[in-house]
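*Asks:* Can you keep this structure in mind? I'll have questions shortly.
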Amino acid sequence: MTTLKAVRGTRDLLPPETALWNRIEATARDVFARYNFGEIRTPIFEDTALFARGVGEETDIVSKEMYTWEDRARAQSEKTQSLTLRPENTAGVVRAYIEHGLGESGQLQKLFYIGPQFRRERPQKGRYRQFSQIGAEVLGPPSSGSESPLRDAEILEMLATLLDELGIAGWTLELNSVGSSADRERYNQALREALVPVVDQMCADCQRRAVTNPLRVLDCKIPADQPIIEKLPVIADSLDEPSRAHFAAVTAALDAAGVPYTLNHRLVRGLDYYTRTTFEFTHGGLGAQNALLGGGRYDGLSEAIGGPKAPGIGFAIGEDRLVLTLQAALNQNSAPLKADAFIAPLGENLNPAALVLARELRYKGLWIELGEGGFRLKKSFEAAEKTARRIVILGEDELQSGILTVKTFSTGIQTKVPRAELAVFLADSSPE
Ligand code: HAM
């Protein structure tokens with residue numbers, strides 16, 4: 001029989017890597033709480049129309065990458081429905097905002113999410129078909145202040161704080177404004193005209209995009225096309241006065257907060273809902289898939305999917321890419337994480353006493369691995385050295401006297417420690 005494997009583009013995450021995922025998520029939750037965000041959990045699949053209308057029919061995500069199926073009716077009262085595994089979560093959050101009337105309170109809604117997304121892309125390092133995003137959205141009726149450039153700046157300042165607290169150094173914030181939908185229309189027209197004399201020298205994708213969605217030409221990575229793209233009109237010249245003023249206010253607040261950024265006039269992003277501010281945080285260590293996260297403002301998205309006016313701004317971090325970046329940093333700087341101690345009972349008859357000792361130490365907050373009395377001492381030592389910083393030997397003598405033998409692997413020193421002092425001794429991680 002052929003052995004079954006995880007499907008192409010999907011992965012199993014195993015310990016110890018999952019400890020890093022949990023640490024990232026805990027830090028993100030902590031930062032989001034301090035900025036007054038609450039968690040939202042939306043379904044993993046949605047009506048296909050949500051993404052077609054929300055993200056945009058012409059985008060790569062919707063036209064090529066979605067996992068879509070016809071869901072059969074199970075009863076006469078049900079209809080066959082086209083469903084899609086979510087390729088991103090902004091459209092789902094805005095759908096939920098509309099469905100639950102979250103704007104009716106007049107309050108700004110600040111929501112975050114952590115969860116899997118699905119895109120049928122060509123898998124490579126940092127690009128998977130199932131991947132996880134940590135994202136957040138700030139939206140509300142205009143009266144809630146949702147259009148204010150302060151919201152954009154606060155989101156970007158929060159991201160800088162989160163990356164710093166995670167210990168990610170060397171990120172770059174790339175920033176742009178794609179203006180209002182009228183500005184974009186103007187810019188699309190300018191691009192279309194500028195592309196006419198040069199498009200036949202460009203790649204096949206660009207030739208198609210020049211007709212369907214000229215803005216996407218700016219995403220092209222083909223080296224031969226770059227000199228042509230560099231000479232195309234820039235979007236900043238198509239922005240109307242309110243969009244210019246909005247962007248100037250965003251950058252002024254970032255300057256005041258000391259958040260560094262680089263202006264990138266080609267940053268138009270691959271989803272159609274963006275208006276005004278767009279951004280990406282990139283990291284050199286990631287190689288070709290260098291976008292750690294992306295986001296922007298989407299002032300017309302709610303209306304595009306049948307809701308009330310609800311301007312908003314948000315982002316999604318590629319959690320898989322965050323993990324890759326942190327792993328690279330950790331490999332350079334530190335030893336793998338290990339348990340505080342491994343308890344080795346000397347004989348099967350001491351297994352229950354070892355369980356009691358482990359329970360006592362774990363209760364006091366220590367990270368303990370419990371050995372097996374049936375093992376020879378040599379085997380216990382080998383297992384202990386792989387998983388823990390210290391080994392605690394529990395034989396008949398130790399049990400009777402209440403004095404335990406502890407060996408610290410980093411120094412090779414063996415110490416006698418009274419049971420009452422054991423937890424404090426083991427908690428000290430500095431080599432004695
Ligand atoms: P996005 O740029 O499509 O934006 O995705 C955000 C991030 O998700 C990317 O920067 C990348 O780190 C990660 N990502 C995307 N595709 C993959 C993949 N196949 N494998 C691994 N990581 C991936 C959005 O999804 C928007 N919903 C962001 C947003 C929120 N805009 C406003 N609010």
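The values are calculated or read from the model by the stated rules, or taken from the named source; none is laboratory data. Because the structure is predicted, anything quoted here is derived from the model rather than measured. Glycine also receives a Cβ, built like all others from the backbone with ideal geometry; neighbour counts cover every protein chain displayed. Side chains included, ligands, DNA and RNA excluded: accessible areas come from the protein's heavy atoms. Shrake-Rupley method; radii C 1.70, N 1.55, O 1.52, S 1.80 Å.
*Asks:* Among the numbered criteria (1) within 30 Å of G170 (Cβ to Cβ); (2) open to solvent by 70 Å² or more (accessible area, probe 1.4 Å), which one does P352 miss?
*Replies:* (1)
To keep it simple, each residue is scored yes or no on (1) buried (at least 19 other Cβ atoms within 10 Å of the Cβ); (2) within 16 Å of the ligand (Cβ to nearest atom).
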site: A210; (1), (2): yes, no
site: P242; (1), (2): no, no
site: P260; (1), (2): no, no
site: R266; (1), (2): no, yes
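*Asks:* Looking only at strands (runs of 3 or more DSSP E) that lie completely in the stretch 21-130, which have at least 2 residues being buried (at least 16 other Cβ atoms within 10 Å of the Cβ) and within 13 Å of the ligand (Cβ to nearest atom)?
*Replies:* The qualifying strands (runs of 3 or more DSSP E) are 109-118.
*Asks:* Would you please list the contacts, defined by Cβ atoms under 6 Å and residues six or more apart or on different chains, that run from a residue in the stretch 353-366 that is free of Cβ contacts under 8 Å to residues at least 12 places away in the same chain to a residue that is open to solvent by less than 20 Å² (accessible area, probe 1.4 Å)?
*Replies:* So the pair list comes out as R362/I368.
*Asks:* Being farther than 21 Å from G167 by Cβ, out of contact with any strand residue (DSSP E or B) (no Cβ under 9 Å at 6 or more places or on another chain) and touching a residue at least 24 places away in the same chain (Cβ under 8 Å) is the filter here; which residues of the stretch 253-294 pass it?
*Replies:* A253, D272
*Asks:* Then there's this: Output the number of the condition that E382 fails; it satisfies all remaining conditions of (1) open to solvent by less than 60 Å² (accessible area, probe 1.4 Å); (2) under 11 Å from A344 (Cβ atoms).
*Replies:* (1)
*Asks:* Since Y298 meets every condition but one in (1) over 30 Å from I228 (Cβ atoms); (2) buried (at least 23 other Cβ atoms within 10 Å of the Cβ), which condition does it not meet?
*Replies:* (1)
*Asks:* As an exercise: evaluate I168 against (1) assigned to a helix (DSSP H, G or I); (2) in contact (Cβ under 8 Å) with a residue 12 or more places away in the chain and give the number of the one condition it does not meet.
*Replies:* Among (1) assigned to a helix (DSSP H, G or I); (2) in contact (Cβ under 8 Å) with a residue 12 or more places away in the chain, I168 violates only (1).
*Asks:* Could you run through the stretch 402-432 and say how many residues are within 18 Å of P352 (Cβ to Cβ), of a type outside the set (A, V, I, L, M, F, W, C) and surrounded by 12 or more Cβ atoms within 10 Å (Cβ to Cβ)?
*Replies:* Looking only at that region, the number is 1.
*Asks:* Among the residues of the stretch 334-344, is there at least one that is over 28 Å from L20 (Cα atoms) and either modelled with pLDDT of 95 or more or within 37 Å of the chain's Cα centre (by Cα) (or both)?
*Replies:* no
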